[in-house]
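This is the structure I want to talk about, given as structure tokens.
The values are calculated or read from the model by the stated rules, or taken from the named source; none is laboratory data. Here the structure is a predicted model, which is why all the values come from computation and not from measurement. Cβ sites come from the backbone with ideal geometry, for glycine too, and all protein chains shown count toward neighbours. Side chains are part of the model used for accessible areas, which takes the heavy atoms of the whole protein and leaves out ligands, DNA and RNA. Shrake-Rupley method; radii C 1.70, N 1.55, O 1.52, S 1.80 Å.
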Amino acid sequence: MLNSINILSSFQMTRTDPAHMGNSPLVSTAGAASGIADMYGTEQEKKTGKTSFADYLVDAANYVNEKQQKSSEMAETLVLDPDSVDIHDVTIAMAEANLSLSIAQNVIERVTKAWTEITTTR
């Protein structure tokens, strides 16, 4: 959640077309793309200029794991000390964990299916 808050707070709209409304200066599309890469790139990508697909997979797995752990911790806190946590926050954390796991499972399933189709089509 904190990561998404940081992304949203650093998000800035840019104008690339003079017909678009707004007070911000016009930016070329190449400048906008590099600005987005600079803003959201990982530390390794910023240092070396590139990152591997494996790094993206590890980051995604860590994100899903963090959501699951946060949900478990909140549920445990709810059982041990019900007055310290709101039931709605626990429900939201569980829904976020369930959704992130579901998305990860679907992505893995589709990647596996695509890989199977690629390897069998010769």
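If I filter the range 77-88 for residues that are in contact with a Ser or Thr (Cβ under 7 Å, 6 or more places away or on another chain) and hydroxyl-bearing (S, T, Y), do I get at least one hit?
There is at least one residue in the range 77-88 that is in contact with a Ser or Thr (Cβ under 7 Å, 6 or more places away or on another chain) and hydroxyl-bearing (S, T, Y).
Can you pull out the residues in the range 78-97 that are surrounded by fewer than 15 Cβ atoms within 10 Å (Cβ to Cβ), closer than 30 Å to I108 by Cβ and touching a helix residue (DSSP H, G or I) at 6+ places or on another chain (Cβ under 7 Å)? Break it down stepwise before answering.
Keep residues of the range 78-97 that are surrounded by fewer than 15 Cβ atoms within 10 Å (Cβ to Cβ), which gives 79-84, 86-89, 91-92, 95.
If we keep only those that are closer than 30 Å to I108 by Cβ too, we end up with 89, 91-92, 95.
Within the range 78-97, D89 is the sole residue that qualifies.
Every residue in the range 73-117 that is part of a helix (DSSP H, G or I) and of a type in the set (D, E, K, R), please. Walk me through how you get there before you give the answer.
Pass one, the range 73-117, residues part of a helix (DSSP H, G or I): 73-80, 82-84, 87-117.
Those that are part of a helix (DSSP H, G or I) and of a type in the set (D, E, K, R): E73, E76, D83, D89, E96, E109, R110, K113, E117.
Here's another thing I want to ask about it. Which residues, counting only those in the range 98-114, are of a type in the set (S, T, N, Q) and open to solvent by 60 Å² or more (accessible area, probe 1.4 Å)?
Residues satisfying the conditions are N98, Q105, N106, T112.
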